[in-house]
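Accompanying notes for the structure given below.
The values are calculated or read from the model by the stated rules, or taken from the named source; none is laboratory data. Fair warning: this is a prediction, and the values are worked out from it, not measured in the lab. All Cβ positions, even for glycine, are placed from backbone atoms using ideal geometry, and neighbour counts span all protein chains on display. All accessible areas refer to the heavy atoms of the entire protein, side chains included, with ligands and DNA or RNA removed. Shrake-Rupley method; radii C 1.70, N 1.55, O 1.52, S 1.80 Å.
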Amino acid sequence: MAQTICLAAHARGLGACPTRRVVNWPDMLRETLGLPESHLFVLGIAIGYPDPEALVNNFPRHREPLDAFTHWHGF
């Protein structure tokens, strides 16, 4: 379900970032959202408009090539 929410946001021009950190404050979430204590939180999803010019989105990244850590069978 979280993947579907993120993909739906992306389809509408929004960015989405799944995070577990927000569930560290369940009481605040319940109070803000008006939910009973019986509701548990396992994931939060930040959704908003991406800023492609932000520094965090423009730092150089070094990524290993896919073949460096995978082995393809029959392809």
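Using C-alpha pairs under 8 Å with a sequence gap of at least 6, the mean separation divided by the residue count of the chain gives a relative contact order of 30 percent. At GLU31 and ALA68, where each label point lies 7 Å from the Cα along Cα→Cβ, what is the point-to-point distance in nanometres? So the label points at GLU31 and ALA68 sit 4.6 nm apart.
Using a probe of 1.4 angstrom and keeping all protein chains present, the accessible surface of the chain works out to 92 square angstrom per residue. For the stretch 16-48, applying the loop criterion from DSSP together with a ceiling of 14 other beta carbons within 10 Å to the trypsin sites (Lys or Arg not before Pro) yields ARG20.
Compared with the dominant Cα axis of the chain, that is its longest principal axis, helix 2-11 is turned about 70°. For the stretch 2-58, the set of GluC sites (Glu not before Pro) satisfying both a DSSP loop assignment and a count of at most 13 other C-beta atoms within 10 Å is given as GLU37, GLU53. Pair-distance distribution of the chain: all C-alpha pairs, bin width 10 Å, starting at 0; shares per bin in whole percent are 15, 26, 33, 18, 7, 1. For the chain, with all protein chains in place and a probe radius of 1.4 Å, 61% of the accessible heavy-atom surface sits on carbon or sulfur. With contributions of -39500 (n - 2.57) from each DSSP H run of at least four residues, the per-residue ellipticity at 222 nm computed over the chain stands at -7000 deg cm²/dmol.
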